[in-house]
1. Among 221, 288, 251, determine the one that fluctuates most according to a GNM of the chain built with springs between C-alpha atoms less than 10 Å apart.
2. Taking the chain as the reference, fit the longest principal axis to its C-alpha atoms, fit the long axis of helix 233-243 to the helix C-alpha atoms, and give the angle between the two in degrees, 0 to 90, nearest 10.
3. Averaging the inverse of every distinct alpha carbon separation and then flipping it gives the Kirkwood radius. What is it for region 156-243, in angstrom units?
4. Charges at C-beta only: +1 for Lys and Arg, -1 for Asp and Glu. How large is the resulting dipole of region 141-268 about its Cα centre, in Debye rounded to 20?
5. How many Å² of accessible area per residue for the chain, probe 1.4 Å?
6. In square nanometres and to one decimal, what's the mean projected area of the convex hull around the Cα atoms of region 315-371?
7. Under a Cβ-Cβ cut-off of 14 Å, what is the net charge of the residues other than residue 305 that fall near it, where Lys and Arg count +1 and Asp and Glu count -1?
8. Which ³J(HN,Hα) values, rounded to whole Hz and listed in residue order, are derived for region 82-91 from phi using the Karplus coefficients 6.51, -1.76 and 1.60 in 6.51 cos²θ - 1.76 cosθ + 1.60 with θ = phi - 60°, glycine and proline given as x?
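The values are calculated or read from the model by the stated rules, or taken from the named source; none is laboratory data. Quantities reported herein were computed from a predicted structural model and do not represent experimental measurements. Heads up, the Cβs are rebuilt from the backbone with ideal geometry, glycines too, and the neighbour counts pull from every protein chain shown. Just so you know, the surface numbers come from the protein's heavy atoms only, side chains and all, with ligands and any DNA or RNA stripped out. Shrake-Rupley method; radii C 1.70, N 1.55, O 1.52, S 1.80 Å.
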Amino acid sequence: MKPETKAIHAGNLVKAITGDVTSPIHLSTTYFRGADGAYPGGHMYSRISNPNRSALEKVISELEGGADSCAFSSGNTAGMAVFQALKPGSHIIAPDDMYWGFKKQLLTIFDGILSFDFVDLTVTEHVTTYIKPNTALIWAETPSNPLLKICDIEALAKIAKQHQLIFVVDSTFASPILQNPIALGASIVMHSTTKYIGGHSDVLGGSLTFAAKDEFWEKIKNIQETGGAVPSPFDCFLLLRSIKTLAYRIKGHCQNAEKLANYLNEHPKVATVFYPGLASHPQHEIAKKQMRGFGGMLSILTKGDADAARKVVNSVTIFSQATSLGGVESLIEHRASIEGPNTKTPQNLIRISVGLEHIDDLIADLEQALG
């Protein structure tokens, strides 16, 4: 099946006796046990498994071409499960512009437990120089947040395989519709399902999809089930609902973002546009090779300082000034203000999540905001 068809049908696991076309929400926390000790419905306790979560994990696995998926209560808990599964003293190679939430986890929660180097992973040939005897994992993020850098997944996967390292790709900005890292050699694909997979800014979630059910998968499965940072049945229901339109929403996001990027690229008050669909993007050719579209995210550097950038985000009327991304509504933010005083994000950077409004209205809104 093609992705559009998988998105609609792969999650339809439950055949209710009432004949529901859409799977019902299963709110029970516990399930009947038979006299033989078995569980006839296949579920024992909702922290361990639930029909709605099983359906969600199945459809994400199908879309990513993975052996199995684990769903979590947020993207941050999904990523943290990977770090928790590593042996103390393990070394991680991570992107220099790693999503600030994960970077903060490493610097605060795992400080003294794990070691890490933040590296420009777009310079693939330099990655091997950071590999140490205790290196266990390479974490890539492509496209990256907020600089929209593109890593060569296939090249990094070869390095990871050569050195017997786990290779995780945060593919949140791409979604399973535009990019499938497992097919390019990744061990694990991570998503904040809050973003494009959810798509409506109304549910938190995260997922990890595995190329194989190996020993590391078993460790993370144990963290998920025993640690219990799992999504509720209703959250899973909402995500399954959203996935059914994912392929078509992504097409709209890509079309609008490309037009907006081209407009901003010619604007006299914009110094730089970071969008992998532009021929001027440093990794444009790599993006063309490994993505089926360039996504709905872009960032710009305004001409001027932080105050000039903040003036723009404070002047929009259709864009919502809010953090997060991937929803049907367009969002805009002065990213450095979100990340705090220790951020390395340029002070004149504005991050834009391009929604599904009419592109003419979005362009007109930024035109008046830029002045």
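1. 288
2. Its long axis makes an angle of about 50 degrees.
3. Working: mean 1/r = 0.0711 Å⁻¹.
Result for region 156-243, one decimal place: 14.1 Å.
4. Values: 12 positive and 12 negative charges, 55 e Å.
My answer is approximately 260 debye.
5. On the way: 15840 Å² over 371 residues.
Ligands and nucleic acids excluded, the figure is 43 Å² per residue.
6. On the way: hull surface 15.8 nm².
Convex hull of Cα atoms, orientation-averaged projection: 4.0 nm².
7. On the way: positive: 269, 303, 310, 311; negative: 307.
Once all neighbours under 14 Å are counted, the net charge is +3.
8. Listing the rounded values in order: 5, 5, 5, 7, 7, 5, x, x, 5, 10 Hz.
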